[in-house]
Every structure is written in C-alpha cells, then in structure tokens.
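Encoded as structure tokens, the structure appears first; notes follow it.
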Amino acid sequence: MGKRITIDSATMMNKGFEVIEACWLFGLAPSEIDVAIHPQSSVHAMVEYTDGSVVAQISATDMRMPIQYALTYPAREPGPVPRLDWNVERHWDFFPPDLEKFRLLKLSYQAQETGGSATCTLNAADEVAVSAFLEGRILFPGITEVVEETLAKVPSRHPRSITEVLEIDEESRSVARGVAARASRPLVKV
C-alpha cells in the first residue's frame, strides 16, 4: 500500500470512500451500507439479500487478487495468492466501528447523505490533510480537523459540468490548505 492508503486505512477514510462508491455503484442510500471491523481480514465484502441470506467475498488478504480480477474481468484466472485452507480451524470476528473515534468515516456517510459536491470536498480535503501530515506539518488528529472544517466551510452544490467539479475541487483544496496552515505545528527534529 502507498503512504496515503496507509493513512486512510488508519483513519478509516478508506472505508468511507468505499461506502460512497457502493452508494454510486449499487444505487443505495448510505443508511443501507454498514461497515464492520473484521480483524482477521478474510471477509472482504458481504451482501445481505431481502430474504436474509448473505453472500460473502472471502479470500487471502492480498490486493493482487482484486487487481487481477479487475484486469481479467469477467474471467477468473489462476491467482497469484495462496488459497485458503478450509481444513484449518478459524474464527471470524465482526464489530461496528466507533464513529466518534473514526470521525472521517462518519463524515463520509454525512457527505454522501448531503449529496452534490460534498464528497468532492471530502476527498480534496483528505488529500490535502494527509499530505500535510506526511510532510510533518500537522499531527495525526489534524487530518480529521482539516477535513471537518473544510466540509463546514465549502458549501455543497450541484455541479453541471466537469469544469465546475474541478473548480469545486480546487476551492476545497485551497480552503483545506488554509485550515492545515492554521493547524500547523513546528517541525521537531529527533
């Protein structure tokens, strides 16, 4: 994983982006999508049908598998990752995320619920905030603060063209850079 993905995983923003993607891909409302913490990382997605049955995507924890499938779709080619051994006893835990601890996940749900350009602002602010953190200009909790304040300052609207989307993205980045600059801390050499 790259540095941004690693940070987005730590803040659970990656799951927030997945909620937004699922809403768009499957025409769902944010309230119809649940995120579950699964420490064993074997179950990657589950769909519950109206009859109560659940279909799960289960595989080894290795991003090469979904990348391969994306490249070879709809074919299923032999995978480069180890297969699960179904003769080995295992258990799987699932529990809900703490939305107060992982506020970026909560903000992702709210941005999708708000609609319009809110998710564009969310992404732009996250990119700026993660970059500021990686450069040592803000502390880890500052990532959430930058995103939260940027969302509060940039009004959501309904863009009618790609040009308008790009303008909203740049406005959001500009606001986020200003917020990050005010939240900055002096670099400490260790």
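Considering only residues in segment 82-114 that are under 21 Å from Met46 (Cα atoms) and touching a Ser or Thr at 6+ places or on another chain (Cβ under 9 Å), the one that is surrounded by the most Cβ atoms within 10 Å (Cβ to Cβ) turns out to be Ser108.
Would you confirm whether or not segment 43-56 contains a residue that is assigned to a helix (DSSP H, G or I) and in contact with a Ser or Thr (Cβ under 7 Å, 6 or more places away or on another chain)?
Scanning segment 43-56, I find no residue that is assigned to a helix (DSSP H, G or I) and in contact with a Ser or Thr (Cβ under 7 Å, 6 or more places away or on another chain), so the answer is no.
Residues considered: Leu84, Leu99, Leu25, Leu104. Of these, the only one that is under 25 Å from Asn123 (Cα atoms) and not in a helix (DSSP H, G or I) is Leu99.
Considering only residues of segment 51-67 that are under 18 Å from Ile5 (Cβ atoms) and free of Cβ contacts under 8 Å to residues at least 40 places away in the same chain, which is surrounded by the most Cβ atoms within 10 Å (Cβ to Cβ)?
Restricting to residues being under 18 Å from Ile5 (Cβ atoms) and free of Cβ contacts under 8 Å to residues at least 40 places away in the same chain, the top hit is Met65.
Out of segment 120-135, which residues are assigned to a helix (DSSP H, G or I), of a type in the set (Asp, Glu) and either over 16 Å from the mean Cα position of the chain (by Cα) or surrounded by fewer than 24 Cβ atoms within 10 Å (Cβ to Cβ) (or both)? Selection gives Glu127 alone.
Give the residues of segment 99-126 that are of a type in the set (Asp, Glu) and closer than 13 Å to Ile143 by Cβ, sorted by residue number. Within segment 99-126, just Asp126 meets the criteria. Within segment 136-184, being without any contact (Cβ under 8 Å) to a residue 40 or more places away in the chain and part of a loop (DSSP other than H, G, I, E, B) holds for Val154, Pro155, Arg160, Ser161.
Within segment 30-50, count every residue that is hydrophobic (A, V, I, L, M, F, W, C) and either without any contact (Cβ under 8 Å) to a residue 60 or more places away in the chain or over 27 Å from Asp98 (Cβ atoms) (or both).
From segment 30-50, those hydrophobic (A, V, I, L, M, F, W, C) are 33, 35-37, 43, 45-47; that's our starting set.
Right, trim to either without any contact (Cβ under 8 Å) to a residue 60 or more places away in the chain or over 27 Å from Asp98 (Cβ atoms) (or both) and you get 33, 43, 45-47.
Summing the residues that are hydrophobic (A, V, I, L, M, F, W, C) and either without any contact (Cβ under 8 Å) to a residue 60 or more places away in the chain or over 27 Å from Asp98 (Cβ atoms) (or both) in segment 30-50 gives 5.
Would you mind stating whether Asp169 is surrounded by 11 or more Cβ atoms within 10 Å (Cβ to Cβ), acidic (Asp, Glu) and not assigned by TED's automatic domain parsing to the domain that holds Lys15? Answer is no for this residue. Checking each residue in segment 1-16 for being of a type outside the set (Gly, Ala, Ser), without any contact (Cβ under 8 Å) to a residue 24 or more places away in the chain and either under 19 Å from Pro96 (Cβ atoms) or surrounded by 21 or more Cβ atoms within 10 Å (Cβ to Cβ) (or both) picks out only Asn14.
When Val81, Val88 are checked against the criterion of being of a type in the set (Val, Ile, Thr), over 29 Å from Gly27 (Cα atoms) and either touching a residue at least 12 places away in the same chain (Cβ under 8 Å) or in contact with a Phe, Trp or Tyr (Cβ under 9 Å, 6 or more places away or on another chain) (or both), Val81 stands alone in meeting it. Only one of the numbered conditions (1) touching an Asp or Glu at 6+ places or on another chain (Cβ under 8 Å); (2) at pLDDT 95 or above; (3) among the polar types (S, T, N, Q) is not met by Gln68, and that is (2).
The values are calculated or read from the model by the stated rules, or taken from the named source; none is laboratory data. All figures in this text were calculated on a predicted structure; none of them were measured in a lab. Because the Cβ atoms are built from the backbone with ideal geometry, glycine has one as well, and the counts that use them run over all protein chains shown.
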